[in-house]
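Report on the following structure.
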Amino acid sequence: MTHFTIAYWCVLFAALLPIFCSAAAKAGRKDFDNGAPRNWSARLDGWRARAVAAQDNGFENLPFFIGAVVIAHQLGAPQGRVDLLALAWIAARIVYSGLYISGHATLRSVVFSVGLLLNIAILFAGYR
């Protein structure tokens, strides 16, 4: 593999997506304390608290996604399949974050499960 694949671009986007959730939590707030951001976020409630939780979950799920993409590439998985699955995973994570922030817990869990299954599919995309 000598070029940056769509799946690798998805890894970059996946690493940035949690930051957008954090930015949403901070947007419009004048009281953000960059000296003690965790103390500040611990005092949040409602959708802003859920945005911080979505950020945390995004970072927690990042290692598995990165590992799955790298392993699929190393195993020589069909690139089109890996790219499509990675794009679907990104779409699921965007929807998941939106559902998390908006407080749709049950649907959020369903979308999380879809994302998990997509990640497993990426991992085994090169299995023969």
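What to note about this one:
- Estimated D of the chain in µm² per second, where Rh is the Kirkwood radius over Cα pairs and Stokes-Einstein applies at 25 °C, 0.890 mPa s: 159 µm²/s
- Nitroxide proxy distance, nm - points 7 Å out along Cα→Cβ at residue 75 and residue 87: 2.2 nm
- Rounded percent of accessible protein surface that carbon and sulfur make up, the chain, 1.4 Å probe: 65 percent
- Å² per residue, accessible surface of the chain at 1.4 Å: 57 Å²
- Once the Cα atoms are used to define both axes, helix 79-102 deviates from the longest principal axis of the chain by about 20 degrees.
- Relative to the current alpha-carbon distance between residue 117 and residue 20, full extension at 0.36 nm per residue lengthens the span by 32.5 nm.
- Ranked packing of 84-91, 63-70, most packed first, by mean Cβ within 10 Å: 84-91, 63-70
- The stretch between residue 59 and residue 124 holds 21.2 nm of extra length on full extension. This uses 0.36 nm per residue minus the Cα-Cα distance.
The values are calculated or read from the model by the stated rules, or taken from the named source; none is laboratory data. The shown structure was predicted, so the numbers you read here are calculated from the model rather than taken from an experiment. Don't worry about glycine lacking a Cβ; one is built from the backbone with ideal geometry, like all the others, and counts go over all protein chains shown. Note: areas computed on protein heavy atoms with side chains; ligands, DNA, RNA excluded. Shrake-Rupley method; radii C 1.70, N 1.55, O 1.52, S 1.80 Å.
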